[in-house]
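Worksheet: the structure to be examined is printed underneath.
Each value in this text was obtained by applying a stated rule to the coordinates, not by laboratory testing. Just so you know, these numbers come straight off a predicted model, no measurement behind them. Methodologically, a virtual Cβ is constructed for each residue, glycine included, from the backbone with ideal geometry; neighbour enumeration extends over all protein chains shown.
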Protein chains: 2
Amino acid sequence: MTKARRLEGQVVASAMREEIKPAVAAFAAAHGRRPGLGIVLVGDDPASHVYVKHKLKAAEEWGFYADCARMPASASLDDVLAAVDRLNHSPIHDGILVQAPLPKALGKDATQRVFDAIAVEKDVDGFAAENVGLLSQNRATLVACTPAGVIEMLVREGVTIAGARAVVLGRSDIVGKPMALLLLHRDATVTVCHSRTKDLAAICREADILVAAIGRPGFVTPEFVKPGATVVDVGINQVTDAQVAASLYPAGHTRLVNFASRGTMLVGDVHPRVEDVAGAMTPVPGGVGPLTITMLMKNTLLAAQNRSAKPVATIPGQ
Amino acid sequence: MTKARRLEGQVVASAMREEIKPAVAAFAAAHGRRPGLGIVLVGDDPASHVYVKHKLKAAEEWGFYADCARMPASASLDDVLAAVDRLNHSPIHDGILVQAPLPKALGKDATQRVFDAIAVEKDVDGFAAENVGLLSQNRATLVACTPAGVIEMLVREGVTIAGARAVVLGRSDIVGKPMALLLLHRDATVTVCHSRTKDLAAICREADILVAAIGRPGFVTPEFVKPGATVVDVGINQVTDAQVAASLYPAGHTRLVNFASRGTMLVGDVHPRVEDVAGAMTPVPGGVGPLTITMLMKNTLLAAQNRSAKPVATIPGQ
């Protein structure tokens with residue numbers, strides 16, 4: 001049995017880095033400062049701290065300026081909004097990223113209110129309503145990083161999108177919906193499936209390109225996949241249940257051995273056995289993940305270029 | 001053979017009018033002025049003049065204030081933008097509508113630039129990037145009128161959307177994409193098809209709800225339709241070719257007789273013979289059309305209510 005070709009995110013990310021780095025250096029030379037990313041991190045979520053560390057490290061390596069406003073879990077919503085406002089008015093920050101999730105104590109609407117407070121032209125996550133609308137109208141500059149990374153991966157790996165049937169499993173604002181729009185604008189025939197979809201496996205099986213973004217470990221099993229299809233796994237699920245782990249890998253598999261010693265592992269939404277059916281497939285970890293940070297860097301550069309193209313007077317000081 | 005149930009737009013529109021009229025009157029009583037709609041009409045396109053007349057008439061009948069800035073075909077882009085700017089700052093106009101298409105002489109980007117100039121809170125067509133993004137994020141207030149009207153029609157006619165397979169034929173910013181998002185948010189499994197879609201008829205035949213919005217007369221023939229499906233026809237195509245007319249109706253049909261004397265007729269994207277297969281179907285004319293104006297009125301009322309809920313200071317005078 002032929003195994004699916006592995007679509008390695010790191011390979012695409014490295015290629016993109018080599019393309020973007022000279023543009024970052026050129027911006028710095030032209031403007032006497034590096035393009036800048038400001039991160040806001042609130043609270044003690046360990047995963048968030050790891051993500052932010054990776055983003056800061058990447059920014060440094062690529063030649064960006066980056067800093068992080070770390071705020072205690074006790075910070076008020078006004079404190080967080082004030083931090084965003086400072087970055088909105090900062091001349092050295094071109095991109096702003098508020099690491100999600102925010103502490104629950106801030107209230108139900110806090111995340112939306114904070115995201116909405118970010119200046120549209122610095123919204124390097126592509127979450128602002130205006131940026132989402134521009135994406136829908138196929139004239140976006142700042143697009144949500146993960147779906148934009150998936151497109152880069154597909155294009156650079158030579159996967160044909162135009163005319164393909166694409167199924168997006170999941171309808172989140174961060175992945176599912178922008179993913180569907182990006183595939184549509186590249187002439188795929190796109191179906192969006194979700195928890196209320198009937199005959200889910202049968203519909204997924206129609207896909208030439210299947211993107212899974214639902215956050216359920218190993219949910220997409222071989223019967224969801226047309227032989228030869230390209231399967232993109234956006235899920236990053238932390239598994240701590242030994243039974244779930246055992247359902248994913250055959251006894252004795254390296255990943256189960258590691259799981260036995262660590263008690264945890266990261267798996268995608270796609271079951272590993274799908275590699276026996278798919279034509280190409282992104283691994284988890286190491287597939288889409290590296291591209292998300294890559295697109296964040298690309299968006300920060302774009303934001304810097306767009307801002308510097310405007311008259312200086314439009315960047316208010318404070 | 002059972003014919004498809006006809007989904008009459010006028011019936012739904014009348015029901016909605018009776019619900020909205022009291023709210024319009026209540027607004028007028030509370031604020032000492034009627035909710036107001038400002039239309040900008042540029043040039044001599046006869047169809048545009050007819051549409052605007054209908055909109056002004058509807059506004060009057062429903063209890064709105066409405067006026068129209070008529071500009072000659074020789075108007076410059078700056079003239080049109082100035083007209084929009086006046087309406088943006090007018091305290092008596094809650095909604096602004098620029099009738100498309102604009103004269104070609106204004107240049108390729110003119111329509112987009114003019115639409116983008118409309119204040120987001122007065123954008124009763126739902127075309128502004130921010131309003132489109134809010135729709136995508138399922139928190140819209142002002143939604144594009146035609147797709148919003150289709151949803152009203154389906155809901156009021158008892159068509160089940162949740163769990164249904166919906167296929168949207170066409171991917172325009174005005175109908176196709178917002179239609180897909182609205183159906184998705186009501187838990188349909190949605191596929192968007194277009195000119196690059198392969199096996200188009202087969203994909204459409206999977207639909208429980210098929211929405212056609214491609215602007216090709218009679219394009220959707222019975223083999224596109226699953227028996228019993230609900231078919232919504234958004235197309236309004238002017239046919240002047242006798243051969244096309246003859247392909248749509250059997251010899252001696254009233255519409256062909258009328259066509260012979262007038263030399264023109266309006267037909268939808270759905271072939272009339274689909275009524276032998278579909279379970280329910282919107283006619284053209286008289287289906288979706290009346291709902292578009294209805295939703296425009298509803299959006300104008302919404303815009304007025306939203307504006308009046310804000311502090312007066314946010315409405316700048318000039």
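Charge tally around A:GLU275: other residues with Cβ under 10 Å, Lys/Arg +1 each, Asp/Glu -1 each, net +3. When chain B is treated as a Gaussian network with alpha carbon springs shorter than 10 Å, the biggest mean-square fluctuation among B:MET297, B:MET16, B:MET179 belongs to B:MET16.
Classify the stretch B:27-123 from the C-alpha gyration tensor, please: rounded if a/c falls under 1.5, else prolate or oblate depending on whether a/b exceeds b/c. Oblate.
In the protein assembly as shown, what percentage of the DSSP-assigned beta bridges are antiparallel, given to the nearest 5? The antiparallel fraction comes to roughly 15 percent.
Centroid-to-centroid, using Cα positions, the stretch A:120-144 and the stretch A:163-215 are 20 Å apart.
Helix A:176-185 and the longest principal axis of the Cα set of chain A meet at an angle near 90°. Here the contact order of the stretch A:85-145, divided by its residue count and restricted to Cα pairs under 8 Å and six or more residues apart, works out to 28 percent. Could you tell me the calculated FRET efficiency between B:ASP109 and A:ALA25, based on Cβ-Cβ distance and R0 = 30 angstrom, to the nearest 0.05? That pair, B:ASP109 with A:ALA25, gives E of 0.35. Ignoring lysines fewer than eight residues from B:LYS3 along the same chain, the ones with Cα atoms less than 24 angstrom from its Cα are B:LYS226. Label-point spacing for A:THR160 across the identical copies (point 7 Å from Cα in the Cβ direction), in nm and ascending order: 3.8.
Note on A:ILE92, B:ILE236: ascending count of other Cβ atoms within 10 Å places them as A:ILE92, B:ILE236, the fewest first.
Between 0 and 90 degrees, the angle of helix A:77-89 with respect to the longest Cα principal axis of chain A falls at about 70 degrees. When the helices of chain B are scored as -39500 (n - 2.57) per DSSP H run of n ≥ 4 and the total is divided over every residue, the value at 222 nm lands at -13000 deg cm²/dmol. The other copies place their A:ALA28 label points at 6.6 nm from this one, listed shortest first, where each point is 7 Å from Cα along Cα→Cβ. Each residue in B:VAL225, B:VAL267 was given a count of other beta-carbon atoms within 10 angstrom of its own, and listing them fewest first yields B:VAL267, B:VAL225.
Please work out the Cα center distance from the stretch B:6-61 to the stretch A:47-115, rounded to the nearest Å. Centre-to-centre distance over Cα atoms comes out at 45 Å. Sort out for me the Cα centre separation of the stretch B:242-310 from the stretch A:238-258, rounded to whole Å. After rounding, the separation between the Cα centres reads 58 Å.
Roughly what angle does helix B:145-156 make with the longest principal axis of chain B, taking Cα atoms, 0 to 90 degrees, to the nearest 10? Once rounded, the angle reads 60 degrees.
For the stretch B:129-235, applying the loop criterion from DSSP together with a ceiling of 16 other beta carbons within 10 Å to the GluC sites (Glu not before Pro) yields B:GLU157. Over the protein assembly as shown, all Cα pairs binned in 10 Å intervals from 0 give whole-percent P(r) values of 3, 14, 23, 25, 20, 11, 4, 1, 0, listed from short to long. Charge tally for A:HIS31 (other residues, Cβ to Cβ under 13 Å; Lys, Arg +1; Asp, Glu -1): +3. Semi-axes of the equivalent ellipsoid of the stretch A:145-291 are 26, 15, 14 Å, computed as sqrt(5λ) over the eigenvalues of the C-alpha gyration tensor in descending order.
Within 15 Å, Cβ to Cβ, of B:ARG5, how many net charges do the neighbouring residues add up to if Lys/Arg are +1 and Asp/Glu are -1? Within the 15 Å Cβ shell, the charges total -3.
A Förster radius of 30 Å combined with the Cβ-Cβ distance from A:SER195 to A:VAL257 puts the calculated FRET efficiency at roughly 0.35. Shape class of chain A from the alpha-carbon gyration tensor: prolate, with a/c at 1.5 or above and a/b greater than b/c. Taking a ≥ b ≥ c as the square roots of the eigenvalues of the Cα gyration tensor, the stretch A:106-203 is classed as oblate, since a/c reaches at least 1.5 and a/b does not exceed b/c.
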